[in-house]
1. I want to confirm something. Restricting to the range B:72-100 and keeping residues that are modelled with pLDDT under 80 and closer than 29 Å to residue B:191 by Cβ, which single residue is least open to solvent (accessible area, probe 1.4 Å)?
2. Check residue B:218 against each of (1) over 22 Å from residue B:152 (Cβ atoms); (2) touching a Phe, Trp or Tyr at 6+ places or on another chain (Cβ under 9 Å); (3) in a loop (DSSP other than H, G, I, E, B); (4) among the hydrophobic types (A, V, I, L, M, F, W, C) and name the one condition it does not meet.
3. Can you tell me which residues in the range B:214-225 are surrounded by 17 or more Cβ atoms within 10 Å (Cβ to Cβ) and not small (Gly, Ala, Ser)?
4. Only one of these conditions is not met by residue B:211: (1) more than 23 Å from residue B:232 (Cβ to Cβ); (2) without any contact (Cβ under 8 Å) to a residue 60 or more places away in the chain; (3) over 28 Å from the mean Cα position of the chain (by Cα). Which number is it?
5. Kindly list, by first and then second residue, each pair from a residue in the range A:143-172 that is modelled with pLDDT of 50 or more to a residue that is charged (D, E, K, R), limited to pairs with Cβ atoms under 6 Å and residues at least 6 apart or on different chains.
6. Quick check on my filter: what residues within the range A:45-84 are more than 24 Å from residue A:5 (Cα to Cα) and part of a helix (DSSP H, G or I)?
7. Just to verify a result, which residue in the range B:4-31, among those that are within 9 Å of chain A (Cβ to nearest Cβ) and more than 20 Å from residue A:91 (Cβ to Cβ), is nearest to the chain's Cα centre (by Cα)?
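The values are calculated or read from the model by the stated rules, or taken from the named source; none is laboratory data. Keep in mind the model is a prediction, meaning the values are calculated, not measured. For neighbour counting, all protein chains shown are included, and Cβ atoms are generated from backbone atoms with ideal geometry for every residue, glycine included. Note: accessible area is taken over every heavy atom of the protein model, side chains too, but ligands, DNA and RNA are not part of it. Shrake-Rupley method; radii C 1.70, N 1.55, O 1.52, S 1.80 Å.
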Amino acid sequence: MNIDYKSIIRNAILLFVLILVQKSLVWFISLSQLNLSPDLVIIALIYIGVREGKISGAVYGFVAGLLLDVLSGSFLGLLALSYTVSAFIAGFFQTENDRFLVRFNFIIAVFAISILSNFIYFGLFFQGTPILFAKVMLLYIFPSSTYTTIISLVYTILPKKKGYDRSYLSES
Amino acid sequence: MKKLGQLILNIKEYLILSVLIVFSLAFLFSNDNTQVRFLRAVAVGMFGTVQSGISSIPNVFELQQENKMLRENNIRLSNEVSGLKESKLENIRLTRSLSFKESTGLGLVSANVVNKSLIQTRNTITLNVGENDSVYINMPVITDAGLVGRIVSTSKNYSIAQILLNKDLRVTVKVQRSRVDGILSYDGVSSLTATNIPKNADVVVGDVIITSEYSNLFPSGLPIGTVTETGNLDNLFKKIEITPLVNFLSLENVFVLKYLVNKERYFLEKSYQSPKK
């Protein structure tokens with residue numbers, strides 16, 4: 001079994017930096033009036049999940065989520081659970097030609113998985129409170145996922161490796 | 001056994017996911033554990049050092065919002081200060097008026113100036129008191145500083161007063177120090193002048209001018225102004241320029257003096273000056 005240490009270090013650094021940004025600098029792009037902030041870590045986790053598969057996604061998701069839980073002082077294990085499941089599901093988007101890492105396919109993946117992640121997180125977070133789930137959906141899950149997806153558009157303008165197979169784009 | 005190994009290998013992804021979910025749930029259900037609190041404290045301590053460095057970066061959006069809030073506060077406080085200053089000035093003015101009212105033995109009606117003209121040759125002020133307040137034509141108008149003018153027109157609730165800066169108002173005056181008499185009038189342009197003062201009369205700059213007992217309109221001794229310039233009108237008389245003690249520009253509160261022309265004296269003097277033919 002070959003272990004790609006380079007990839008592990010790269011992913012660890014990426015997640016560490018994003019966790020730091022998420023905890024310290026996310027107010028730069030937060031919409032404080034609407035109480036909305038993007039989830040930068042889930043974007044990276046979806047990327048890792050789609051690129052490296054379910055197991056990698058789940059493990060990185062668990063570690064990153066747990067770290068954020070510890071730092072946020074909120075429910076320990078809640079983000080870990082949310083990220084683990086979400087990044088694992090992202091692994092289903094893994095294809096041989098990395099088609100879900102290319103531009104708008106990635107955006108679709110981010111939106112779908114972000115909805116799932118927020119669904120788990122806010123669904124459990126508001127358990128036992130009198131707030132209706134429909135309201136949680138409208139006020140938190142959907143807006144937060146949409147904003148995260150919008151922020152992930154930045155990914156589409158980043159330079160890509162030449163090695164990506166884009167042959168599927170010319171299919172049909 | 002081999003089959004079991006193969007099965008585990010086939011579902012290893014789900015097994016790992018399950019293990020991680022179990023761990024997550026275990027953490028969720030043990031949120032108050034001492035170990036978890038310790039772990040949390042260590043991690044927060046480590047990140048706190050890094051975060052404290054990052055937190056020195058100014059938050060532009062928050063600063064903007066804070067600036068906006070401070071500006072709004074500034075405007076609100078400026079308005080309050082302005083209001084308080086106005087109240088303070090009003091308090092000083094009213095206190096002075098009240099003490100003046102108490103110190104004078106004459107009947108006074110307090111009034112506010114609701115309108116005034118100061119740029120014409122026949123300047124007047126409108127007061128918010130009238131016949132309902134026992135204010136009648138020819139009553140003197142004064143402030144604590146001195147004579148303002150006299151009432152020339154009244155309605156039920158308002159009255160109009162000629163002020164010293166009115167060409168039609170002439171007042172018999174006296175130099176307080178030397179008791180020299182003269183007639184005060186407004187030249188219609190800029191200054192009050194006292195005429196009919198003999199050339200050799202003792203009048204110097206700084207002398208206070210008051211109403212004379214010869215006046216039938218005003219009680220004697222009301223201060224009017226100070227002499228600012230003396231000169232010769234012709235070979236016989238002096239021309240004296242007087243600055244009024246009352247500041248007409250900032251005039252807001254006045255008193256109407258309940259003092260009316262002595263009719264007996266008025267008619268006697270009038271009948272003597274123009275005897276029936």
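1. Checking each candidate, the answer is B:97.
2. In the conditions (1) over 22 Å from residue B:152 (Cβ atoms); (2) touching a Phe, Trp or Tyr at 6+ places or on another chain (Cβ under 9 Å); (3) in a loop (DSSP other than H, G, I, E, B); (4) among the hydrophobic types (A, V, I, L, M, F, W, C), residue B:218 misses (1) alone.
3. Filtering the range B:214-225 for residues surrounded by 17 or more Cβ atoms within 10 Å (Cβ to Cβ) gives B:215, B:217-218, B:222-225.
Of everything in the range B:214-225, those that are surrounded by 17 or more Cβ atoms within 10 Å (Cβ to Cβ) and not small (Gly, Ala, Ser) turn out to be B:217, B:218, B:222, B:223, B:224.
4. Here residue B:211 clears every test but (2).
5. Close Cβ pairs (under 6 Å, with a partner that is charged (D, E, K, R)) amount to A:148/A:39; A:156/A:103.
6. A:69, A:70, A:71, A:72, A:78, A:79, A:81, A:82
7. Filtering first and then ranking leaves B:31.
Residue by residue, here is whether (1) modelled with pLDDT under 90; (2) among the polar types (S, T, N, Q) holds:
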{"site": "A:29", "(1), (2)": "yes, no"}
{"site": "A:32", "(1), (2)": "yes, yes"}
{"site": "A:38", "(1), (2)": "yes, no"}
{"site": "A:42", "(1), (2)": "no, no"}
{"site": "A:60", "(1), (2)": "no, no"}
{"site": "A:71", "(1), (2)": "yes, no"}
{"site": "A:76", "(1), (2)": "yes, no"}
{"site": "A:80", "(1), (2)": "no, no"}
{"site": "A:86", "(1), (2)": "no, yes"}
